[in-house]
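*Asks:* Here it is, the structure, as structure tokens.
What follows draws every value from the coordinates through simple rules; no lab data is involved. No experiment lies behind these values; they were computed from the predicted model shown. Using ideal geometry, Cβ is built from the backbone for each residue, glycine included, and neighbour counts are taken over all protein chains shown.
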Amino acid sequence: MPTAPGEWRYRTESNVPALAGRTGSLRCVAAMTNHGPVGVRGTHAFRYADGTPYWPVGTTAYAWIHMPADVQQQTLTSLEAARFNKLRMCVFPKNYALCKEEPEMYPFPVKEGPDGTRTFDVSRFDPAFFRHLERQIDALDALGIEADLILFHPYDKGRWGFDSLPMETNVAYVRYVCARLSSFRNVWWSLANEYDYVKSKTEADWITLIRAVRAADPYGHLCSIHGSTATYFPCWMDELTHTSIQDEAPVEEAGRASILYNVYRKPVVLDEVCYEGNLTSRWGRLSGQEMLHRMWQGLLCGVYVTHGECYKFHEESDTIFWAKGGPWRGESWKRISFTRQILESLPGPLQMADVSRDVQTATAGNGCYLVYFGKTMQDAWMFNLPAKNAAYPSLKPGTKFRVEIIDTWNMTVTPWPDIMETGPVNDYRLYDVKHRKIRLPLTPYVLLRITQVDDAS
């Protein structure tokens, strides 16, 4: 993966004579639509290599690459329609109550015994499997989707033994994966899903594997690790670029997620906050409205929240998207494109403007605020903003603003006809100089986008 335009030369090294000492060159030209890999922007946000801001609005399809070909194609079609830009997915197959399919290929070659039993040759890797994985990562890239690759998980339970491999095999595996996939610009490393449920590995083992990934990746792709509910790995490690957290509590009430924002000096991604669905399990039965609401509860606090869908209608063979991909059956996915439009209209990353004292108002920099009412339904709101604007200069009297009323669920944007103007500071807040109100629809999930205007506007 060239890091700058120009002519690049290479020479190969291999213990296979036919592959050793091969030389060649390629020319890298300036990108037209390729923004490059995603990295950290400042402290809490992300951006592409060319400086373009990146807002992770992701979803989950753990075992989609292990499903039949038609399901994999349907998954890509579904993702294209929804416009997610990140996908959590596993390299190893999953053996779970809602995902029992036997894959056609595995990361390791299969050896057939004389009695018909199958074992895996874990001293080698199956190139056919990894070629398939590469094709699907490329397919995601064509859709503008980052592949958040989960390298290990606990949901094997003795079926294949991939969750209990010796450490030397684990290290060889991550080195091989990095050697093959580091050149892909849309790859993230997630060391594990629910690492603490993998009983064969200690925290020291995970640190060893994290460092092995970082050492094997010459391009420094984003890297994290994910625990079970409210299990927080020490993500302060320099080798980890961001957090990947499973915990719904931070987004169940307004403002809570700002605690995580303030504690971690790196981007915070809440990759599991429960899922939209109809499962009997408590983690898989959110309404579509609640799923989207939790996403906005996090976004206002400057963290990022991953979507997931778990609808089951018939048998365990159903293609539940969270587990297997396939078709959408819910409602929140229909709002993702609109959500991204709102986020990508902002001049900078979000955070609470006056953290701990105002759980409704977020700032995106000088002159841009979002006010979110959540589930509250009210017919009017008296225009007011906090004097404090995070680390930006304090809001001044006489500042004029345009207000847009956004229905995050029904996907409408309605401009308010009046230009509002801040009056003097009153108890750390600035109200409209005429104490005017904004009329609101009596519906939940209303968001205000408040943008500074100059006198000429």
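*Asks:* Report the paramagnetic label zone for residue 30: residues of the stretch 142-172 whose backbone N is under 15 Å from a point 7 Å from Cα along the Cα-to-Cβ axis.
*Replies:* None, by backbone N distance to the label point.
*Asks:* Indicate, rounded to the nearest 5 percent, the antiparallel portion of the DSSP beta bridges found entirely in the chain.
*Replies:* 65 percent
*Asks:* For the stretch 386-396, what does the Karplus curve 6.51 cos²θ - 1.76 cosθ + 1.60, with θ = phi - 60°, yield as ³J(HN,Hα) per residue in whole Hz, taken in order and with x for Gly and Pro?
*Replies:* So the J values, rounded to whole Hz, are x, 5, 6, 10, 6, 8, 7, x, 4, 5, 10.
*Asks:* A follow-up question, please. Rg/Rh for the stretch 291-340 to two decimals, with Rh computed the Kirkwood way over all alpha-carbon pairs. Numbers along the way, then the final one.
*Replies:* Values: Rg = 12.8 Å, Rh = 12.1 Å.
Using only Cα positions, Rg/Rh for the stretch 291-340 is 1.05.
*Asks:* For 324, 199, 157, 312, what ranking results if the residue with the fewest other Cβ atoms within 10 Å of its Cβ goes first?
*Replies:* With the fewest neighbours first, 324, 199, 157, 312 line up as 199, 157, 312, 324.
*Asks:* List every residue whose amide H lies under 5 Å from the amide H of residue 374, counting only residues 5 or more places away in sequence or on a different chain, with H placed 1.01 Å from N in the peptide plane.
*Replies:* 445, 446
*Asks:* Quick one: which residues, 5+ away or cross-chain, put their amide H under 5 Å from the amide H of residue 46? H built at 1.01 Å from N.
*Replies:* 41, 54
*Asks:* For residue 375, go through the lysines and keep the ones whose alpha-carbon is under 24 Å away, minus same-chain ones fewer than eight residues off.
*Replies:* Qualifying lysines at Cα under 24 Å: 334, 437.
*Asks:* Pop out the ³J(HN,Hα) list for the stretch 367-377 in order, Karplus 6.51 cos²θ - 1.76 cosθ + 1.60 with θ = phi - 60°, rounded to Hz; leave Gly and Pro as x.
*Replies:* 3J(HN,Hα) across the stretch 367-377, in whole Hz: x, 9, 10, 10, 10, 10, 9, x, 7, 5, 10.
*Asks:* So, one more: Stretched out fully, how many nm does the piece from residue 252 to residue 97 gain, at 0.36 nm a residue minus the Cα gap?
*Replies:* My answer for the length gained is 53.1 nm.
*Asks:* In addition: Can you sort 369, 48 by how many other beta carbons sit within 10 Å, fewest first?
*Replies:* Ascending number of Cβ neighbours within 10 Å: 48, 369.
*Asks:* Let me ask something additional. Return the FRET efficiency for the residue pair residue 128, residue 43: r is the Cβ-Cβ distance, R0 is 60 Å, and the value is rounded to the nearest 0.05.
*Replies:* 0.90
*Asks:* For residue 400, list the aspartates and glutamates whose Cα falls under 19 Å from its own Cα; do not include residues on the same chain fewer than 8 positions away.
*Replies:* 418, 421, 432, 454, 455
*Asks:* Under the Kirkwood approximation applied to all pairs of distinct alpha-carbon atoms, what is the hydrodynamic radius of the chain in Å?
*Replies:* Here the Kirkwood hydrodynamic radius works out to 23.8 Å.
*Asks:* Work out, step by step, the length gained on full extension between residue 357 and residue 16: first 0.36 nm times the residue separation, then minus their alpha carbon distance; give nm to one decimal. Walk me through the intermediate numbers first.
*Replies:* Details: separation 341, 0.36 × 341 = 122.76 nm, distance 6.48 nm.
Gain on stretching residue 357 to residue 16: 116.3 nm.
*Asks:* Could you state the number of Å between the C-alpha centres of the stretch 339-366 and the stretch 1-49?
*Replies:* So the separation of the two Cα centres works out to 35 Å.
*Asks:* Taking amide H atoms as placed 1.01 Å from N in the peptide plane, list the residues 5 or more away in sequence, or in a different chain, whose amide H sits under 5 Å from that of residue 223.
*Replies:* 189, 241, 242
*Asks:* To continue, here is another question. Provide the per-residue ³J(HN,Hα) series for the stretch 150-167, in order, calculated from phi with Karplus coefficients 6.51, -1.76, 1.60 and θ = phi - 60°, each as a whole number of Hz, with x at glycine and proline positions.
*Replies:* 8, 7, 9, 7, x, 8, 10, 6, x, 5, 10, x, 6, 8, 9, 6, x, 4
*Asks:* Helix-only estimate, please: 222 nm mean residue ellipticity of the chain, summing -39500 (n - 2.57) across DSSP H runs of length 4 or more and dividing by its residues, to the nearest 500.
*Replies:* Result for the chain: -6000 deg cm²/dmol, rounded to the nearest 500.
*Asks:* What percent does the relative contact order of the stretch 45-147 come to when contacts are Cα pairs within less than 8 Å and at least six residues apart?
*Replies:* With pairs under 8 Å counted, the relative contact order is 26 percent.
*Asks:* Would you list, by chain and number, the aspartates and glutamates whose Cα falls below 15 Å from the Cα of residue 157, excluding same-chain residues fewer than 8 positions away?
*Replies:* The reachable aspartates and glutamates, counting only those whose Cα sits under 15 Å from residue 157, are 101, 102, 194, 196.
*Asks:* Then there is this: Please grab the % of Cα pairs in the stretch 143-213 that end up more than 20 Å from each other.
*Replies:* Details: 720 of 2485 pairs.
Result: 29 percent of Cα pairs exceed 20 Å.
*Asks:* What do you get when you divide the Cα radius of gyration of the stretch 406-457 by 2.2 N^0.38 Å, with N the number of residues? Numbers along the way, then the final one.
*Replies:* Details: Rg = 13.1 Å, N = 52, 2.2 N^0.38 = 9.9 Å.
Rounded to two decimals, the normalised Rg is 1.33.
*Asks:* Could I ask something else about it? Below 8 Å between Cα atoms, with a sequence gap of 6+, how large is the relative contact order for the chain in percent?
*Replies:* Relative contact order, the chain: 12 percent.
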